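**Student:** Submitted below is the structure of interest, expressed as C-alpha cells.
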Amino acid sequence: MKLIDIPEQIPSSELEEEILEAFIEEIGEIHQEIVTHFNILKNNPADLESIKNLQRNFHTLKGTGGLVGATLIGSLGLHFEEMLNKVIDGKLSINNDILSLMEQVETMLPSMLKHFQYNQSISDEMVLFISQAYHFTQV
C-alpha cells in the first residue's frame, strides 16, 4: 500500500497556551462524539444519521487540525471525511474493513494528539493508518 505524505506539523510550543488548551479540549469532545456514533454504526452499519455525524466530526478534525498546524490530525480528518463522503454518496459501502479501521480511531486520535502536544515525530504506524483510509477513497 502506498503511504500518503503528511506535511510537517507546527510545533505545539509555537501556539499560545490558550489556543493549545482549546484545541486539546475540542479534540477530546470530538473524540467522544466519534466513539458514540461509531458504537451506533457498528451495531447498525446502515445508520445514515451516524455516518453523517461521523463525517461532520472528521470534517471538524480536518479544519481544526489544519488551523493549529496539527497536520496529522488534519490528515486523519481529511481522509476519513472523504471516505465517509463516498459512503454517503453510495460509492462505497460500510464493510468490516472500514469498521475495523474506524474502530482504531478510538485509540489513534488520542495518541496523535499527544504526539502533537509533546512535539513528537509522526510514527509510521500513524501514517499507515491514515493511508488505509485514503485507500478506501480511491474507488
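**Student:** Go through the stretch 46-74 and give me each residue that's among the polar types (S, T, N, Q) and either farther than 14 Å from Thr137 by Cα or at pLDDT below 95 (or both).
**Tutor:** Within the stretch 46-74, the first condition is being among the polar types (S, T, N, Q), and the residues that meet it are 50, 53, 55, 57, 60, 64, 71.
Matches in the stretch 46-74: Ser50, Asn53, Asn57, Thr60, Thr64, Thr71.
**Student:** Using the structure shown, decide if Glu82 is touching a helix residue (DSSP H, G or I) at 6+ places or on another chain (Cβ under 9 Å), modelled with pLDDT of 95 or more, of a type in the set (Asp, Glu) and surrounded by fewer than 21 Cβ atoms within 10 Å (Cβ to Cβ). Talk me through it step by step, then tell me what you get.
**Tutor:** Values: touching a helix residue (DSSP H, G or I) at 6+ places or on another chain (Cβ under 9 Å): yes; modelled with pLDDT of 95 or more: yes; of a type in the set (Asp, Glu): yes; surrounded by fewer than 21 Cβ atoms within 10 Å (Cβ to Cβ): yes.
So Glu82 passes the test.
**Student:** Among the helices (runs of 4 or more DSSP H) confined wholly to the stretch 66-139, which include 1 or more residues that are touching a Lys or Arg at 6+ places or on another chain (Cβ under 8 Å)?
**Tutor:** On the way: elements: 71-88, 96-103, 105-117, 124-136.
Where helices (runs of 4 or more DSSP H) fall fully within the stretch 66-139 and carry at least 1 residues being touching a Lys or Arg at 6+ places or on another chain (Cβ under 8 Å), they are 71-88, 96-103, 124-136.
**Student:** Residue check, Gln55 against (1) closer than 28 Å to Ser13 by Cα; (2) part of a helix (DSSP H, G or I); (3) in contact with a helix residue (DSSP H, G or I) (Cβ under 7 Å, 6 or more places away or on another chain), all met but one. Which one?
**Tutor:** (1)
**Student:** Name every residue in the stretch 4-52 that is under 24 Å from Ile94 (Cβ atoms) and in a loop (DSSP other than H, G, I, E, B), in order of residue number.
**Tutor:** Of everything in the stretch 4-52, those that are under 24 Å from Ile94 (Cβ atoms) and in a loop (DSSP other than H, G, I, E, B) turn out to be Ile4, Asn44, Pro45, Ala46, Asp47.
**Student:** Among the listed residues Asn53, Asn43, which satisfies the condition of being surrounded by fewer than 13 Cβ atoms within 10 Å (Cβ to Cβ), closer than 18 Å to Leu101 by Cβ and out of contact with any Phe, Trp or Tyr (no Cβ under 8 Å at 6 or more places or on another chain)? Reasoning before the result, please.
**Tutor:** Details: Asn53 fails: surrounded by fewer than 13 Cβ atoms within 10 Å (Cβ to Cβ).
Selected residue: Asn43, the only one of Asn53, Asn43 that is surrounded by fewer than 13 Cβ atoms within 10 Å (Cβ to Cβ), closer than 18 Å to Leu101 by Cβ and out of contact with any Phe, Trp or Tyr (no Cβ under 8 Å at 6 or more places or on another chain).
**Student:** Let me ask something else about it. Does Phe23 satisfy being more than 19 Å from Thr137 (Cα to Cα) and aromatic (Phe, Trp, Tyr)? Reasoning before the result, please.
**Tutor:** Details: more than 19 Å from Thr137 (Cα to Cα): yes; aromatic (Phe, Trp, Tyr): yes.
Here the answer is yes, as Phe23 does meet what is asked.
**Student:** Let me ask something additional. Please list, ordered by first then second residue, the pairs with beta carbon atoms under 6 Å, 6 or more apart or interchain, first in the stretch 127-138 and in contact (Cβ under 8 Å) with a residue 60 or more places away in the chain, second buried (at least 16 other Cβ atoms within 10 Å of the Cβ) and of a type in the set (Ser, Thr, Tyr).
**Tutor:** Pairs found: Ile130/Ser75.
**Student:** Here are Glu25, Glu21: which of them is surrounded by fewer than 12 Cβ atoms within 10 Å (Cβ to Cβ) and modelled with pLDDT of 95 or more? Show your work before the answer.
**Tutor:** Numbers: Glu21 fails: modelled with pLDDT of 95 or more.
Only one candidate qualifies: Glu25.
**Student:** Follow-up. May I ask you to list the residues in the stretch 56-67 that are crowded, with 24+ Cβ neighbours inside 10 Å and aliphatic (A, V, I, L, M)?
**Tutor:** Hit for the stretch 56-67 is Leu61, nothing else.
The values are calculated or read from the model by the stated rules, or taken from the named source; none is laboratory data. None of the values given here were measured: they were computed from a predicted structure. Cβ sites come from the backbone with ideal geometry, for glycine too, and all protein chains shown count toward neighbours.
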